[in-house]
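Undergrad: Structure provided below as structure tokens; questions to follow.
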Amino acid sequence: MNFSTARRIIFLALTLMILIALLLGIISIARFFTKQPQYTFNTNSRTVIKQLQSLNRLETAQFTIEKVIDAGKSGNQFQQLLFGDKILLIAQGEVVAGFDLTKLSEKDIVIEGTTLRLMLPESEILFTKLNNDQTRVYDRKLGLLSKGDKDLEAKARESAEGLIRQAACDGRILDIASTNARTQLTALFKSLGFTTVIITIPQSGC
């Protein structure tokens, strides 16, 4: 390799290095000027309240409960033999608890920058219903002289609904509803840009 060729190779190498340095500099400058602005959540309490109220009800806990209902006339064995009327009902039902968000007002929410404070109403049982497909009469006993009460099954079902509701209360369904609501709403508001979410829920009972 002669001197002229070597000088040409060195020149090309230096030129390539300078071009690479210039390219890296241009990329850095471009990144600086095109940096994305920090995301901010820009809303007010009235907007948030309206959005929550539009949900109407927030269901946050559901229990499925099975109860055995023994209903009918009471009496001694002789009375039962002649005039008895008893039904054994296996009932299954659902109890759903949550919040009536239409009770919220503007004073229940405070927004300070990226901090949101929300006061929810008390959790409550929203509805209780029997699962008719899974509720059935297991046994029905009539005395020898009894015509039977045609409304006994309906009365047993009504009693079952109340007992299922009470079983859900005993199982602390309202506390579970409150815990779930706090978790769900905190995640929701943080996904909207709030960094701190404080949710207060009054103690409630069935």
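The values are calculated or read from the model by the stated rules, or taken from the named source; none is laboratory data. Computed from a prediction, not measured in an experiment: that's the story for all the values here. Neighbour counts are summed over all protein chains in view; Cβ atoms, including those assigned to glycine, are modelled from backbone coordinates with ideal geometry.
Undergrad: Can you pull out every residue in the stretch 99-112 that is under 14 Å from L58 (Cβ atoms) and either in a loop (DSSP other than H, G, I, E, B) or of a type in the set (A, V, I, L, M, F, W, C) (or both)?
TA: F99, L101, L104, listed by residue number.
Undergrad: Enumerate the pairs (first residue in the stretch 113-134 and in a strand (DSSP E or B); second residue anywhere and of a type in the set (A, V, I, L, M) and surrounded by fewer than 16 Cβ atoms within 10 Å (Cβ to Cβ)) with beta-carbon separation below 6 Å, excluding pairs fewer than 6 apart on the same chain, so at least 6 apart or on different chains.
TA: R117/V110; R117/I198
Undergrad: If I filter the stretch 140-153 for residues that are over 19 Å from A187 (Cα atoms) and at pLDDT 85 or above, do I get at least one hit?
TA: No: the stretch 140-153 contains no residue that is over 19 Å from A187 (Cα atoms) and at pLDDT 85 or above.
Undergrad: Just to verify a result, which residue in the stretch 87-140, among those that are polar (S, T, N, Q) and buried (at least 17 other Cβ atoms within 10 Å of the Cβ), is nearest to the chain's Cα centre (by Cα)?
TA: S123
Undergrad: Now for a separate question. Since A156 meets every condition but one in (1) surrounded by 16 or more Cβ atoms within 10 Å (Cβ to Cβ); (2) modelled with pLDDT of 90 or more; (3) hydrophobic (A, V, I, L, M, F, W, C), which condition does it not meet?
TA: It fails just one condition, (2).
Undergrad: Can you report the number of residues in the stretch 113-131 which are of a type outside the set (K, R) and under 16 Å from F63 (Cα atoms)?
TA: So the answer is 8.
Undergrad: Restricting attention to the stretch 182-199, which residues are without any contact (Cβ under 8 Å) to a residue 12 or more places away in the chain and at positive phi?
TA: none
Undergrad: Right, another one. Answer yes or no as to whether V137 is without any contact (Cβ under 8 Å) to a residue 60 or more places away in the chain and not polar (S, T, N, Q).
TA: Considered against the rule, which asks whether it is without any contact (Cβ under 8 Å) to a residue 60 or more places away in the chain and not polar (S, T, N, Q), V137 comes out as yes.
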